[in-house]
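Chemist: I'd like to ask some things about the structure below.
The values are calculated or read from the model by the stated rules, or taken from the named source; none is laboratory data. Here the structure is a predicted model, which means the values were calculated and not measured. All Cβ positions, glycine included, derive from the backbone under ideal geometry; neighbour counts span all protein chains shown.
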Amino acid sequence: MKATSQTIQQIERALHKVASKYPEGQEDMVLTDIHLQANADSGELLAFNDDDEELTRCVVEQWIGNGDDNFYKEITPVLRQCVAGMKETWEKSSILKPFSFVLVDDDKETVCDLFLVDDDTMIVDGELLKGLDEDLDAFLKKLLAE
């Protein structure tokens, strides 16, 4: 599924609402992660803090009624792109670093980490590490055989 410009705008609008809850310069820094929950049936995108307090919600029309088994896999790059596009906003927010954006399912179980906000750390996309286990196993087997 290729995200439409309307989809990206809807997600960005929701993220701006989340950012407004943690404005720059606020003296009381908050310790939390941001959990994004997407629902393929209703098209809703909800944002929660660590205390399960709803920060915002919106409906992403393109997602309504999406019965695809790969729904989370398909929306992950779009969400990651939208969150990363606001990197400067997140770095200036009143949330204690490091904090992350996490995609969760309907049961609030983690699907994947989307983005980590920290001065020196970066989340490496899973695609980059694909096949690493097999390579390491082969390397270890070769070492032990010698």
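Chemist: Just checking: which of the strands (runs of 3 or more DSSP E) contained wholly in region 21-125 hold 2 or more residues that are touching a residue at least 24 places away in the same chain (Cβ under 8 Å) and out of contact with any helix residue (DSSP H, G or I) (no Cβ under 7 Å at 6 or more places or on another chain)?
Modeler: Numbers: elements: 34-38, 44-48, 54-59, 99-104, 110-117.
Filter on region 21-125 gives 34-38, 54-59, 99-104.
Chemist: Can you name the condition, by its number, that Ile11 falls short on among (1) in contact (Cβ under 8 Å) with a residue 40 or more places away in the chain; (2) outside any helix (DSSP H, G or I)?
Modeler: Among (1) in contact (Cβ under 8 Å) with a residue 40 or more places away in the chain; (2) outside any helix (DSSP H, G or I), Ile11 violates only (2).
Chemist: Another one. Please verify whether Leu103 is modelled with pLDDT of 95 or more, touching a Lys or Arg at 6+ places or on another chain (Cβ under 8 Å) and closer than 18 Å to Glu12 by Cα, treating the condition exactly as stated.
Modeler: Considered against the rule, which asks whether it is modelled with pLDDT of 95 or more, touching a Lys or Arg at 6+ places or on another chain (Cβ under 8 Å) and closer than 18 Å to Glu12 by Cα, Leu103 comes out as no.
Chemist: Follow-up question, since we're still on this one. If you take the residues in region 63-80 that are of a type outside the set (A, V, I, L, M) and buried (at least 17 other Cβ atoms within 10 Å of the Cβ), which one is farthest from Val117 (Cα to Cα)?
Modeler: Just the residues of region 63-80 that are of a type outside the set (A, V, I, L, M), to begin with: 63, 65-74, 76-77, 80.
Restricting the remaining residues to those that are buried (at least 17 other Cβ atoms within 10 Å of the Cβ) gives 63, 66, 71, 76, 80.
Working: Trp63: 27, Asn66: 30, Phe71: 25, Thr76: 17, Arg80: 12 Å.
Top of the filtered list is Asn66.
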